[in-house]
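Have a look at the structure below, then the notes.
The values are calculated or read from the model by the stated rules, or taken from the named source; none is laboratory data. Keep in mind the model is a prediction, meaning the values are calculated, not measured. Don't worry about glycine lacking a Cβ; one is built from the backbone with ideal geometry, like all the others, and counts go over all protein chains shown. Note: accessible area is taken over every heavy atom of the protein model, side chains too, but ligands, DNA and RNA are not part of it. Shrake-Rupley method; radii C 1.70, N 1.55, O 1.52, S 1.80 Å.
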Number of protein chains: 4
Amino acid sequence: MKSYIQHHIDTFKENNRNKGRLLVKCPDQPGIVSAISLYLGEHDANIIESNQYTTDPENGIFFLRMEFECPNLQEKRKKLEKQFLEVAYKFSMEWEINFLYDVKKAAIFVSKELHCLRELLLEWQSGDLMTDVVLVVSNHEECREIVESFNIPFYYIPANKDIRKEVEAKQLQLLKDYEVDLIVLARYMQILTPEFVRAHQAQIINIHHSFLPAFVGANPHKRAFERGVKLIGATAHYVTNDLDEGPIIEQDIIRVDHRDTVEDLKKKGRSVERSVLARGVKWAIEDRLIVHENKTIVL
Amino acid sequence: MKSYIQHHIDTFKENNRNKGRLLVKCPDQPGIVSAISLYLGEHDANIIESNQYTTDPENGIFFLRMEFECPNLQEKRKKLEKQFLEVAYKFSMEWEINFLYDVKKAAIFVSKELHCLRELLLEWQSGDLMTDVVLVVSNHEECREIVESFNIPFYYIPANKDIRKEVEAKQLQLLKDYEVDLIVLARYMQILTPEFVRAHQAQIINIHHSFLPAFVGANPHKRAFERGVKLIGATAHYVTNDLDEGPIIEQDIIRVDHRDTVEDLKKKGRSVERSVLARGVKWAIEDRLIVHENKTIVL
Amino acid sequence: MKSYIQHHIDTFKENNRNKGRLLVKCPDQPGIVSAISLYLGEHDANIIESNQYTTDPENGIFFLRMEFECPNLQEKRKKLEKQFLEVAYKFSMEWEINFLYDVKKAAIFVSKELHCLRELLLEWQSGDLMTDVVLVVSNHEECREIVESFNIPFYYIPANKDIRKEVEAKQLQLLKDYEVDLIVLARYMQILTPEFVRAHQAQIINIHHSFLPAFVGANPHKRAFERGVKLIGATAHYVTNDLDEGPIIEQDIIRVDHRDTVEDLKKKGRSVERSVLARGVKWAIEDRLIVHENKTIVL
Amino acid sequence: MKSYIQHHIDTFKENNRNKGRLLVKCPDQPGIVSAISLYLGEHDANIIESNQYTTDPENGIFFLRMEFECPNLQEKRKKLEKQFLEVAYKFSMEWEINFLYDVKKAAIFVSKELHCLRELLLEWQSGDLMTDVVLVVSNHEECREIVESFNIPFYYIPANKDIRKEVEAKQLQLLKDYEVDLIVLARYMQILTPEFVRAHQAQIINIHHSFLPAFVGANPHKRAFERGVKLIGATAHYVTNDLDEGPIIEQDIIRVDHRDTVEDLKKKGRSVERSVLARGVKWAIEDRLIVHENKTIVL
């Protein structure tokens, strides 16, 4: 099955070998867009898509995502990055240029509930999630069969709070070996240590099975049932050290009613969880997300 | 303008003079539906719509809403109610029979923000909210003009926490004088005392400008903005003495993003608040709501 | 993987061995519900869920779906069905009693696009689609691997309009051999003959990749793109001999905008197609669908 | 009531006296954004919001909407426009610069169904629709009272196909006298002549009570009922001489089911019609709409 997916990836790389994305964050001031446009023009790059946002009219922060096409981009990569330094310096920018040819490498962490994993693999298989899933890590064996049926390396690493350090050491080594760009917690029911989170700041996406900040913490569906809510939700967010408090990427809800039991809420919740997570991951892959303070700008 | 609305009401009464609704709540046990069907059959009543729900397969509570049509219903009302006592007694029912001919009388309470009031009046005027709005009460003068343009009696009763008792005494007297069935708090920004609430148990509907239980309390939009949520919501609920904790009737959400300021969230919120409240009020008018513990069954 | 799913099915059968569903369609008249309630009472059956609908107050058609629980149902099945004949006769009913223990057998037909197949298998695997998928038929080899990874028998039957008769003969034989209750066309791109359709009336569900009746026929996404619509949809419907004209079961839409290419519309369309089809199939499995003229009553 | 609204408008003008919007449409080519940014920089204008879109990577059409702030804008207006000519000429642009201070003037045309009119007035009154509604025209008297209660000039112009020319002559004169920028057909049930449409190209927004292109033409709700659809919709579109075929601005849907009568579909339809129309009008007022061929770009 891998070969089929590999074909999607190869086609994508070929079709997009001349495309790049510029992400910028800096204090707002006159002249930014004009300087960037000039810079791109000097490299014969054409702007395909451009989105910007400024937090405030006065003393605000400026954010930009530009997708551009540039002849012979692969040959010019280094030069392009080097020459941007001048612009970046002038406007005190945090910035990155990503090349679509460098398909992002993703690791999926999962426990016993597999619906989010399956959704990601389904979208991936259809070519709708343009990433390279390089490994799946789980503290349970439930998903081994499905993961291996996709020819993805599977690592079973049992985990509990007593052995957290050793477990994370193994995981961090794997993430390094596979050069992972993005970690997706697809219903991975273990808490990560601050060390782990720090090592992968803004690269870990989690799915929480409630409409945060309602029902922060454990058993949201049971509590939603008891409160008699008419909608339940799901939240994809970046992981920080404040549990369930990281920057929100995407949220959605599904309608429920008095007939739904806790079990029904879980069942309905699964369908919204998996689509919200898939959307969040897609945006991360497309470089649409910039974190600012405790919020996510989606460009 | 009243005359136009009065025409809607008169037409409705005429078209539905033979229609009634039976609401039942009792311990679940075999034979309930069959006994009710027999009873209705004996009175030549035909079931138009029937919805039921049981909390649990074992030792559950049974809920029923039946709409029926019965020749010469106006003449038979008393007899019908009297003869139901036997069935009700046998199954230990809480119950009521409502006659569509008795169009419910509603009072709307409002403060300075008028979008919910306007929505209710708009729906009412279109004949889509089959109630008789008999008075509007406000602690501000802002809505006088619009209310009086509908020929609805308007009562300006200034309020603050120091004079709460006197204020509520006046309000309670009005509700009594006008024989009000349903009180709608359409962004009425005053807290009601336990006495007031007790006097109108399960007859007071409030709109809360957040997706409860997220952002319980004041300033939900400011807090939603700070948390960076991607959806904001509104909740129509029955008022109890636990602030924002009463049984939820209906909820809905609207999508927001990082570009939205607190002011934008309020603006978007208004559109979802008014439609959620209108839906909740409509269901109350149609006798679709039964409160059970802290939940609302919508039949 | 089959064993895992088999476990779901076995658990379901065990938990629901005493549950049945009664479906009724007959001319509306007084006394129907009461007669059915009495009949169920005589067999010590308790009504768990009941939904009814009447097309018109006068001379209407009455529809009922009742789910009931009855001690020792497996032993009483024949008796139950036999004794219902009297009630059915009196009210000229079309009816059926289904036993949850008899998990429905489904066949999935698919061509080259696999997203709907994958969704169904994903939901099935999670235990959220309580059916027994007994075979998959395709006119292409693309899905063999995934189907066989679920241990489901896969039949590759190449098809084109010249050999339609032979192809359908083979398919009909398979459907008979496997005692299939429900046929799901999960993006099966072949037209079925009237003979095939007649043999499985009201048992074939198709997914159409547009919001019918907009864009009836081929290439709906291309035409939607050209018309500049802001929403695209999907429609699950029963198959009749009028192409794209069968009774609609479920529909949903997804928001698109001017940036979306035809390819993007297809991609977004896939996500709504698969969820709409899964919902339609779920309702069919739960005996919620009754076809009346060219409409589907969902109870 | 006017004075309250006038206050909204005055505040808006004061707060936005230094803001403008630039709209551009031209053949895509390198250097456009950079030239525009330079131009704005030269006038000390700061870009607040910028959205662009290109139809195709090769030989495409480029669209841009930029909102900017510029000190002393009111004094510089003429100069600003004049000096843009050079940029516009170089890139063969169709363009306009709009000043937020020039609040757009709108005329609403309506017949007997008033829900869309009421929604627009409600939003307008809340300050959420920043336009100056300078007159309402109707071929019926139904809305006179409500319109006049807002102190808006009301013109009753009876219409039918025999006197179309005279009617339109009167209307065109009024539109000229009031210097109307935008005409909103809020359920105005008269066909406009090509002459009328030509005179106000891309300035007439209509609401169609179906999800176009489904149910083009008359009685969409009746036909939706007969087809048994599970969703009904509404479409806001620019009026062209092809009935129901003009560029679509916005669409939305509402869920319906088999219980809904034609009357119910109309009732539910009203709620989606009014919100879709209000959204479309809001975007027009905010200069977000650019028509290209038969599509609307929403920036």
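Only bridges whose two residues both fall in the range B:105-298 count here: according to DSSP, what percent of them are antiparallel, nearest 5?
Details: 15 of 31 bridges.
Of the beta bridges lying entirely in the range B:105-298, close to 50 percent run antiparallel.
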How long are the semi-axes of the ellipsoid equivalent to the range C:17-99, from square roots of 5 times the Cα gyration tensor eigenvalues, in whole Å, largest first? 23, 13, 10
Average partner chain C-beta neighbours within 10 Å, per residue of A:47-57? 5
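If I take R0 = 51 Å and measure r between the Cβ atoms of D:TYR155 and B:ASP264 in this structure, what FRET efficiency does the formula 1/(1 + (r/R0)^6) give, to the nearest 0.05? Please report the intermediate quantities before stating the final value.
Values: r = 35 Å, r/R0 = 0.69.
For R0 = 51 Å, the calculated efficiency reads 0.90.
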Hand me the GluC sites (Glu not before Pro) from the range D:145-218 located in a DSSP loop with no more than 11 other Cβ atoms within 10 Å, in residue order please. D:GLU179
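Averaging sequence separations of C-alpha pairs under 8 Å and six or more residues apart, then dividing by the length of chain C, give the relative contact order as a whole percent. Numbers along the way, then the final one.
Values: 528 pairs, mean separation 47.3, N = 299.
For chain C, the relative contact order is 16 percent.
As a test of the formula, what do you get for the protein assembly as shown when each DSSP H run with n ≥ 4 contributes -39,500 (n - 2.57) and the sum is divided by the residue count, at 222 nm and rounded to the nearest 500 deg cm²/dmol?
Working: 36 runs with 448 residues, N = 1196.
It comes out at -11500 deg cm²/dmol, rounded to the nearest 500.
Hey, can you rank B:73-79, B:34-40, B:217-223 by average C-beta count inside 10 Å, highest first? Intermediate results must be reported in sequence, preceding the final value.
Numbers: B:73-79: 12.9, B:34-40: 21.3, B:217-223: 15.6.
Going by the mean number of other Cβ atoms within 10 Å, highest first, we get B:34-40, B:217-223, B:73-79.
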Tell me, how many Å apart are the Cα centres for the range A:146-195 and for the range B:221-291? 39 Å
Can you run phi through the Karplus equation (6.51, -1.76, 1.60; θ = phi - 60°) for the range D:24-29 and list ³J(HN,Hα) in whole Hz, with x for Gly and Pro? 9, 9, 7, x, 5, 6
What fraction, in whole percent, of alpha-carbon pairs in the protein assembly as shown exceed 62 Å separation? 11 percent
Rounded to the nearest 0.05, what FRET efficiency is calculated for D:ASN241 and D:LYS176 with R0 set to 25 Å and r the Cβ-Cβ distance? 0.75
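Say R0 is 51 Å: what FRET efficiency, to the nearest 0.05, do B:GLU94 and D:ALA218 get from their beta-carbon distance?
Working: r = 49 Å, r/R0 = 0.97.
Efficiency at R0 = 51 Å is approximately 0.55.
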Cα-based helix-to-principal-axis angle, C:73-90 vs chain C, degrees rounded to 10: 80 degrees
What is the distance in Å between the Cα centres of the range C:1-78 and the range D:1-45? 64 Å
Per-residue SASA entry for C:ASP162, accessible area with 1.4 Å probe, Å² rounded to 10: 130 Å²
Using a Debye calculation, one point per C-alpha and no hydration shell, please list log10 I(q)/I(0) for the range B:54-144 at q = 0.14 Å⁻¹ in order. -0.79
P(r) tail for the range B:17-168, what percent of Cα pairs lie past 21 Å? 59 percent
Antiparallel DSSP beta bridges within the protein assembly as shown, percent to nearest 5: 70 percent
Angle in degrees between helix C:262-285 and the longest Cα principal axis of chain C, rounded to the nearest 10: 20 degrees
Farthest toward the dipole's positive end in chain A, which of A:ALA107, A:THR11, A:ASN139, given Cβ charges of +1 (Lys, Arg) and -1 (Asp, Glu) about the Cα centre? A:ASN139
Inter-chain shielding of D:26-35 (mean C-beta neighbours from other protein chains, 10 Å cut-off): 5
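Using the eigenvalues of the Cα gyration tensor, what equivalent ellipsoid semi-axes result for the range C:214-279 when each is taken as the square root of five times the eigenvalue, whole Å, largest first?
Values: eigenvalues 91, 38, 15 Å².
So the three semi-axes of the range C:214-279 are 21, 14, 9 Å.
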Principal axes first, then extents: for the Cα atoms of chain B, list largest minus smallest coordinate on each axis, whole Å, largest first. 61, 47, 36
For the range C:28-47, list residues with backbone N below 20 Å from a point placed 7 Å from the Cα of C:LYS82 toward its Cβ? C:39-45
Using the structure shown, list the pairs from A:LYS176/A:LYS266; D:LYS112/D:LYS222; C:LYS268/D:LYS25; B:LYS282/D:LYS267 with a Cα-Cα distance above 24 Å, or answer none. A:LYS176/A:LYS266; C:LYS268/D:LYS25
